[in-house]
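Worksheet for the structure shown next.
Where a number appears in this text, it was derived from the coordinates with a stated rule and is not lab data. The model shown is predicted, which means the values in this text are computed figures rather than measured ones. Reconstructed Cβ throughout: ideal geometry from the backbone, glycine too, with neighbour counts over all protein chains shown.
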Amino acid sequence: MNLFGQKNILIIFYQSIKYIKLKMNLLINLLPIKKGGGQQVASNFIMQLSRYDDINPYFIVTENTYIHKKLTELNFKNISVVKDSLIARLVFQVFFFKKYIRNSEVELIYTMFGPGIHYKNIKSVTGCAYSNIFYPEIDFWNGYSFIKKIKLKLIDKYRLYSTLKSSAIVFENESMLYRANKLFNFPLQNTKLILPSISEYPKGEISIEFNQRLISIEMRNFNILMLTGWHKNKNIEIIPQVLYELKKRGVNDIKFIITVSKSEKESIELLRNAKTLGVEDNLIFFGTVKPFEVQYLFDKINAVILLSLLESFSNNIIEAWYFNKPLFISNKEWSKSICKEAAIYVDRDDSSDIAEAIINYRNNEELRHVNANNSKDILKKYPSPKEKVDLQIQFLKEILNA
């Protein structure tokens, strides 16, 4: 072989080595994502991964979860499955994780949501949605038993420790981002605000049973949706009192549509309170809603209400904007950080204030017009699912190369 041929071989070999080095071995920790809205976020991320030729993904996932099944459907390799138990997870992290890291030559660990996992000399990025750990002044677990409170606060301490141990943190809420720096001196340059993406609402055939539930919502009323499950943070308990305040003001055509089952013990208690106040007919326990059913439910409602004490973010917010419905929301630092001028703020603990805000919105045409325009404007700042993943990947690369 002549010198020219040898030179070409060397160039090709060098370019191949360079290409291999440019492939990032990325470990994606999906263990904490077992249910809830995080599943859709994680699903979108893994479906977009095939667009990136410079990423070699590895996955850790909880067995038999939606995400586990999705990874299998998409024919991903390098999937490590851990049984859905605390003991199984501890055994994996203590006895197998070190070997797994060495064998896969992982360069960066990305935990999308939940407590991050870390390994010496390997950078880690954690997505944080635990709002209460960044608002220590708020008694988030108020109302729980003493023993339960201790357990939950210990979990919070672990979550905070695990999050702050990360090389970088991704937030959905600007207020939490700045609090991480102010309260815990976490470097701002190692944080990133990535807004939730606008969900794609796939068309699907609704069941006869779901259609019957939709029919129960009468369009002649002003229907306010609480798209939530039972959790003390959501403050569903105040709704009968809000309806009573409306009734005292002569407003009887407002109904609250709550997406919980009427057979749950909390629902039974809520209905009992509503009957005491004479407003039981203004409550509809709608039951759970699948993602593709959301758009049909929004066709039947006039407004959305979110009375949480704390949230990192909530799909309720972006769905209200997307479907052009007014959003009544708790007047709190976290909500103002997210919604700016695109919401109607209420005192979540004052049923009279909530009732007055609803009445004022209905009677004030200018307010309705301004709110609708503000909602359209703020929605433009939110990324598509594809754009959000691009932002995530870009930040991961920045941290790896920093």
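A few notes on this one:
- Multiplying the residue separation of residue 205 and residue 391 by 0.36 nm and removing their Cα-Cα distance gives an extension gain of 63.6 nm.
- From the coordinates shown, Rg and Dmax of the Cα atoms in Å corresponds to which of (1) 24.4, 97; (2) 27.6, 101; (3) 22.5, 73: (1)
- Cα gyration tensor shape of segment 208-379, rounded if a/c is under 1.5, else prolate or oblate by comparing a/b with b/c: rounded
- J(HN,Hα) series, segment 122-133, from Karplus relation 6.51 cos²θ - 1.76 cosθ + 1.60, nearest Hz, glycine and proline x: 10, 5, 9, 10, 10, x, 10, 10, 7, 5, 5, 6
- Segment 164-278: relative contact order in percent, alpha carbon pairs under 8 Å with at least 6 residues between: 21 percent
- Short-range pairs are left out: with C-alpha atoms under 8 Å and at least six residues apart, the relative contact order of the chain is 14 percent.
- Relative contact order of segment 208-379, defined on C-alpha pairs under 8 angstrom at six or more residues apart (%): 23 percent
- Net length gained if the chain between residue 50 and residue 102 were fully extended (0.36 nm per residue, minus Cα distance): 16.3 nm
- Within-15-Å neighbourhood charge of residue 47 [Cβ basis; K, R +1; D, E -1]: +1
- Here the calculated FRET efficiency for residue 333 and residue 237, from their Cβ-Cβ distance with R0 = 30 Å, stands at 0.85, rounded to the nearest 0.05.
- Comparing 93, 39, 392 in a Gaussian network model of the chain, where Cα atoms under 10 Å apart are tied by springs, the biggest mean-square fluctuation is seen for 93.
- GNM top mover of 116, 204, 287 - the chain, alpha-carbon springs below 10 Å: 204
- Highest GNM mean-square fluctuation among 41, 389, 289, for the chain modelled with Cα contacts below 10 Å: 289.
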